[in-house]
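The structure appears below as structure tokens.
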Amino acid sequence: MDSDTDSAERDDRPILIAVDGESHTHAAIAEAARLARSLDRPVRILHVEDPYLKQFSNEIYAQGREEYLEHVDRCLAEDGHETVRVARDRLREDGIESEALIRKGEPLDAIRAELESAAYSLLIVGRKPRSGGWWRQRRDLPARLAAAGCSTPLLIVPGEKTSNCKPGTTADGEKD
Amino acid sequence: MSVLRSLIVPGWTKYIPGLLLCVVFAILTMNIDHVLHRYTAAHLASAGLPVLLAQHAELEAIGDSDGAARIQKKIDKHEAALQKVGGSVGDEWGWAAFFYETFQFKYVAMLLVFGILIRNTVGVPKIFLPGIGIARPLIKPGIIILGVHYVWTDVLRVGGVGLVLASVFIFGTAITVMWISRRAGVSDGLGGIMGAGTGVCGVSAIIATAPVVGAKPRDMAYAIGTILLFGTVMLFVMPYLGTAIGLSQSQFGAWSALAILNTAQLIAAAEWFGEEARDTAVLINAARIMLIPLIVMFAVWFYGLKGKGRDAGFWATMRAKFPIFILGFFALILLNSLHLPIFGGPKVVDSPFWAMDVVYKWLFAIGFAGIGLSISIDDMRKAGGVAFLIGSGAAIAKMILGLVVVLLLGTELLRVTGGL
């Protein structure tokens, strides 16, 4: 009986998808939709507002630091809400309702914190299509997530090369 | 009490570990620099002393007592250099001379190279990052103190030439970059920050301009990555290029102030090249950064942002974007120009200005430690797209045009005398 109950609880664990608004996450969202439908799992969308740009307010002759920091915060918040809205709309097209989470901080830390704060059956992230070598690949967010050794299974979905990028922040603070 | 409390930065304790790390790093490096300098001096003395002794004997033989006395001073200096390391004529410390003289591996280069290596190999634990971030602006009080190296004639001559050159280069670059960006269909946000960043002083100008032109985070990441990439490349390439071309100290100072895209890197490059280069670079850069508010206003006009509520007005923009600390720099120049005995001078041992001059180098060293430990290859990897094309074009054009201009101007017009 206990074993059956455990397995029933595990079935309810949602799929977590980390999105950053870049084109490569479109493939990851599509994959999340497919898996959520076939496994009948709820989906949670996680977007992390990376404050990476704020560190530069310490530049030697930086003027108008406060205005700059407010501007970065405002842009990150706007981009975050837009990113989440696009992801939810995409999932809704497949008949999947989702819950959205927006966190602030270094993306790897924020994703790990979310995995520790709740039980998830799967984490899905997109990977940027690139021609770079192992040096570039091993330092990107999916690689660092894989190396972090989280107990939640990780699915890395490679993105397709496309010029359809929208401006905005990226979850791992990188460009296409 | 509340006034005192308001002076304390909230969460100040988080800055302590990183600042301490930079201080320790600076002390270690300054000591290595000191040792290398001492052994290099001993190496040169060991080789030069026999020649000087022979010259001294010849001058004494022909009865030239003035010449002999002059040579004797040099002999004393050389003997003191040998004594400091416990060496004698014939001893060699070629390794020290190679690093310090031939390879120019001085404290600036050590702090930057080792800092970059640490940051990008073993990494810097997060606990140190806030303190490392605020170590960089310590260069600012160092620059204020450097005011004791100048007199008003320097400001009028070198600063005047610098202001003209900086204005031409800044507005020339900004107008060109913004115009090309608009023609190429680049967004106002990216074109605006790249125009300001490549024109004035890199990341500092991007920070001042980004909110005004409404740059997106992605654009800022591209632009900052590009500026840092080219600033860092130029920092390590230009001192060696300057030596190879045979530029004088003052010429190199002016060249770096005109060509290097980011402020931190330009000060580091000039300090690395030599004291005279640094004095010229800092003065021209002072003229350059005073133009930040004007470039912000230019961007507002160029992109027609006045009607979009982005124009704060002339005085409000001046108040928000003018680098007020530079007034401290000019106040010290004024005091130094008065030649008041109470302040002495940077060369007058035990005087207040001499003490301040000692302090500046430590502030620079801690600041450079912060810069080295902050230079992340990951940040520079963000360079790309149109920003990279614009940045590379501006960097190469400024480097070549700046070199031509300083070669045409010569040394005298760019030399800081300090009243000597």
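The values are calculated or read from the model by the stated rules, or taken from the named source; none is laboratory data. Computed from a predicted structure; not experimentally measured. Backbone-built Cβ (ideal geometry, glycine too); neighbour counts: all protein chains shown. Areas reflect the complete protein model, heavy atoms only, side chains present, ligands, DNA and RNA absent. Shrake-Rupley method; radii C 1.70, N 1.55, O 1.52, S 1.80 Å.
How many residues are touching a Gly at 6+ places or on another chain (Cβ under 8 Å), in a helix (DSSP H, G or I) and not aliphatic (A, V, I, L, M) if we restrict to the range B:200-214? Total meeting the criteria: 2. Quick one: B:A109 ticks every box in (1) open to solvent by 50 Å² or more (accessible area, probe 1.4 Å); (2) in a helix (DSSP H, G or I); (3) more than 14 Å from chain A (Cβ to nearest Cβ); (4) closer than 25 Å to B:F364 by Cα except a single one, so which number is it? If we test B:A109 against (1) open to solvent by 50 Å² or more (accessible area, probe 1.4 Å); (2) in a helix (DSSP H, G or I); (3) more than 14 Å from chain A (Cβ to nearest Cβ); (4) closer than 25 Å to B:F364 by Cα, just (1) comes out false.
Which residue, of B:G393, B:G402, is away from chain A (no Cβ under 14 Å) and within 24 Å of B:R218 (Cα to Cα)?
Numbers: B:G402 fails: within 24 Å of B:R218 (Cα to Cα).
From the options B:G393, B:G402, the qualifying one is B:G393.
Just to be sure, is B:A355 at pLDDT 90 or above and open to solvent by less than 30 Å² (accessible area, probe 1.4 Å)? Judged against the criteria, B:A355 is not a match. Of all the numbered requirements in (1) under 25 Å from B:A135 (Cβ atoms); (2) in contact (Cβ under 8 Å) with a residue 24 or more places away in the chain, A:A119 misses one, and that requirement is (1).
Just to verify a result, which residue in the range B:125-141, among those that are touching a residue at least 24 places away in the same chain (Cβ under 8 Å) and away from every other protein chain (no Cβ under 12 Å), is surrounded by the most Cβ atoms within 10 Å (Cβ to Cβ)?
So, considering only residues that are touching a residue at least 24 places away in the same chain (Cβ under 8 Å) and away from every other protein chain (no Cβ under 12 Å), the one surrounded by the most Cβ atoms within 10 Å (Cβ to Cβ) is B:F128.
A Cβ distance below 7 Å, combined with a sequence gap of six or more or placement on separate chains, defines the contacts here; from the range A:68-83, residues that are touching a residue at least 12 places away in the same chain (Cβ under 8 Å) reach residues that are among the basic types (K, R) in the pairs A:L69/A:K54; A:V72/A:K54; A:C75/B:K216.
Could you tell me whether A:L108 is away from every other protein chain (no Cβ under 14 Å), touching a helix residue (DSSP H, G or I) at 6+ places or on another chain (Cβ under 8 Å) and surrounded by fewer than 21 Cβ atoms within 10 Å (Cβ to Cβ)? For A:L108, the condition - away from every other protein chain (no Cβ under 14 Å), touching a helix residue (DSSP H, G or I) at 6+ places or on another chain (Cβ under 8 Å) and surrounded by fewer than 21 Cβ atoms within 10 Å (Cβ to Cβ) - is not met.
Output the residues belonging to the range A:79-95 that are open to solvent by 20 Å² or more (accessible area, probe 1.4 Å) and out of contact with any Ser or Thr (no Cβ under 7 Å at 6 or more places or on another chain).
Our first condition is that a residue be open to solvent by 20 Å² or more (accessible area, probe 1.4 Å); within the range A:79-95, this holds for A:81-82, A:85-86, A:88-90, A:92-95.
Residues satisfying the conditions are A:H81, A:E82, A:R85, A:V86, A:D89, A:R90, A:R92, A:E93, A:D94, A:G95.
Taken together, the residues in the range A:46-65 that are closer than 20 Å to B:M297 by Cα, open to solvent by 10 Å² or more (accessible area, probe 1.4 Å) and either touching a residue at least 24 places away in the same chain (Cβ under 8 Å) or assigned to a loop (DSSP other than H, G, I, E, B) (or both) amount to 2.
Annotation for the range B:223-244: no member residue is in a loop (DSSP other than H, G, I, E, B) and not assigned by TED's automatic domain parsing to the domain that holds B:H37. Screening B:F302 against (1) within 14 Å of chain A (Cβ to nearest Cβ); (2) under 18 Å from B:M194 (Cα atoms) leaves a single unmet condition, (1). Would you please list the contacts, defined by Cβ atoms under 9 Å and residues six or more apart or on different chains, that run from a residue in the range B:173-202 that is free of Cβ contacts under 8 Å to residues at least 12 places away in the same chain to a residue that is surrounded by fewer than 24 Cβ atoms within 10 Å (Cβ to Cβ) and part of a loop (DSSP other than H, G, I, E, B)? Correct list of pairs: B:R182/B:Y303. Report whether or not A:A118 is modelled with pLDDT of 55 or more and more than 11 Å from chain B (Cβ to nearest Cβ). It is true that A:A118 is modelled with pLDDT of 55 or more and more than 11 Å from chain B (Cβ to nearest Cβ).
Determine whether B:I144 is open to solvent by 30 Å² or more (accessible area, probe 1.4 Å) and at pLDDT 90 or above. Can you show your working first?
Working: open to solvent by 30 Å² or more (accessible area, probe 1.4 Å): yes; at pLDDT 90 or above: yes.
So B:I144 fits the description; yes.
Checking B:G195, B:G214, B:G202, B:G185 one by one, the residue that is of a type in the set (G, A, S), surrounded by 24 or more Cβ atoms within 10 Å (Cβ to Cβ) and either closer than 21 Å to B:P137 by Cα or within 14 Å of chain A (Cβ to nearest Cβ) (or both) is B:G202 and no other.
Per-residue answers, yes or no, for (1) part of a helix (DSSP H, G or I); (2) at pLDDT below 90; (3) on the phi > 0 side of the Ramachandran plot:
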residue: B:V296; (1), (2), (3): yes, yes, no
residue: B:A312; (1), (2), (3): no, yes, no
residue: B:L334; (1), (2), (3): yes, no, no
residue: B:G344; (1), (2), (3): no, yes, yes
residue: B:Y360; (1), (2), (3): yes, yes, no
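Listed by first and then second residue, the pairs with beta-carbon distance under 9 Å, at least 6 apart or on different chains, first residue in the range B:254-266 and farther than 14 Å from B:F236 by Cα and within 14 Å of chain A (Cβ to nearest Cβ), second open to solvent by 10 Å² or more (accessible area, probe 1.4 Å) and modelled with pLDDT of 90 or more, are B:A257/B:L165.
Scan the range A:37-56 for residues that are hydrophobic (A, V, I, L, M, F, W, C) and more than 9 Å from every other protein chain (Cβ to nearest Cβ) and jot them down. First the steps, then the outcome.
The first filter runs over the range A:37-56 and keeps only residues hydrophobic (A, V, I, L, M, F, W, C), leaving A:39, A:43, A:45-46, A:48, A:53, A:56.
Of everything in the range A:37-56, those that are hydrophobic (A, V, I, L, M, F, W, C) and more than 9 Å from every other protein chain (Cβ to nearest Cβ) turn out to be A:L39, A:V43, A:I45, A:L46, A:V48.
Filter the range A:57-67 for residues that are over 23 Å from B:A268 (Cβ atoms) and within 7 Å of chain B (Cβ to nearest Cβ) and give the result. Scanning the range A:57-67 gives A:G64, A:E67.
When you scan the range B:312-327, do you find a residue that is more than 14 Å from every other protein chain (Cβ to nearest Cβ) and open to solvent by 40 Å² or more (accessible area, probe 1.4 Å), even just one? Steps first, answer last, please.
In the first step, residues of the range B:312-327 are kept if they are more than 14 Å from every other protein chain (Cβ to nearest Cβ); the result is B:313-315.
Adding the requirement that they be open to solvent by 40 Å² or more (accessible area, probe 1.4 Å) leaves B:314-315.
For the range B:312-327, residues more than 14 Å from every other protein chain (Cβ to nearest Cβ) and open to solvent by 40 Å² or more (accessible area, probe 1.4 Å): present.
From the list B:F330, B:F368, the one residue that fits, being among the aromatic types (F, W, Y), surrounded by 21 or more Cβ atoms within 10 Å (Cβ to Cβ) and at pLDDT 90 or above, is B:F368.
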